[in-house]
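Notes for the one structure printed next.
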């Protein structure tokens, strides 16, 4: 799949990006550049990993607060009084120096759970499980940043599949930095059995991508109509973002 031109009202744009604590080619944190690139790519739903305020590791403090403040002004959420548009998964908690990932949507998030994934404490990871009320219907989204150890990643992928099995009533996505180097590894084989439509381009390292760490998996009632990575945005991180345009309910009418 390649980048499309115009937007279509039947199409949702989904973006997943490991922003690496907002550190890119300049080798110093620049969250403003990350925000600028997100605004240019205009996602309807954004999964952002390595939101990192750990100043003792060279990041800028209050990273979660920065994105929570700026995203609504950039991406124009639909106006529903009291609606929720952001879910945070703060894996490491220190005063003003939290680390983790988030899920943001232009459309109201009807419900969301943040649950601990299997794995040792040294690899503590959280999963966001959200239902988003899009103009095309309800969409379930799993967002995470998987562990470094292969056996732990397998357990984490199985945990998502188990949660999917409890509720198969709506179109579903799983996306994020899944940290799997093999295109046919344990994580892929586990997730593709439940979510057979996939987009897994090479996205890391950002300058010359060689590995598909960042991926999207979708249920069969989701039609992927376009997908790409973005080299320009990759200058703001060590990963390129992955962007997918999709339609729900298997609507395969031509887009454009």
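Every number in this text was worked out from the coordinates using simple rules, so none of it is lab data. As the structure is a prediction and not an experimental result, all values here were calculated from the model. In this analysis, Cβ positions are derived from the backbone assuming ideal geometry, glycine residues included, and neighbour counts consider all displayed protein chains.
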Item to check | the chain: relative contact order as a whole-number percent, Cα under 8 Å and 6+ apart | outcome: 21
Checklist outcome for this item: Here the FRET efficiency for residue 68 versus residue 7, based on Cβ atoms and R0 = 25 Å and rounded to 0.05, is 0.50
Next on the checklist: Principal axis extents for segment 32-160, Cα atoms only, whole Å, descending order, please.
Outcome noted: 41, 34, 25
Next on the checklist: If each DSSP helix of 4+ residues adds -39,500 (n - 2.57) and the sum is divided by the residues in the chain, what number results at 222 nm, nearest 500 deg cm²/dmol?
Outcome noted: -6000 deg cm²/dmol
Next on the checklist: Taking the beta-carbon count within 10 Å as an exposure proxy, list 189, 158, 215, 106 from fewest neighbours to most.
Outcome noted: 189, 158, 106, 215
Checklist entry - Which order results if 164, 23, 132 are arranged by neighbouring Cβ count within 10 Å, fewest first? => result 164, 23, 132
Item to check | Highest-fluctuation residue, 133, 232, 88 considered, GNM on the chain with Cα pairs under 10 Å | outcome: 232
Next on the checklist: Just to be sure I understand the curve: with the Debye formula and one point per C-alpha of segment 1-75, what is log10 I(q)/I(0) at q = 0.21 Å⁻¹?
Outcome noted: -0.94
Item to check | Radius of gyration, Dmax [segment 12-248; alpha carbons; angstrom] | outcome: 16.2, 45
Checklist entry - At what distance in angstrom do the alpha carbon centres of segment 101-134 and segment 1-68 lie from each other? => result 17
Next on the checklist: When the expected Rg is taken as 2.2 N^0.38 Å, what fraction or multiple of it is the alpha-carbon Rg of segment 191-247?
Outcome noted: 1.18
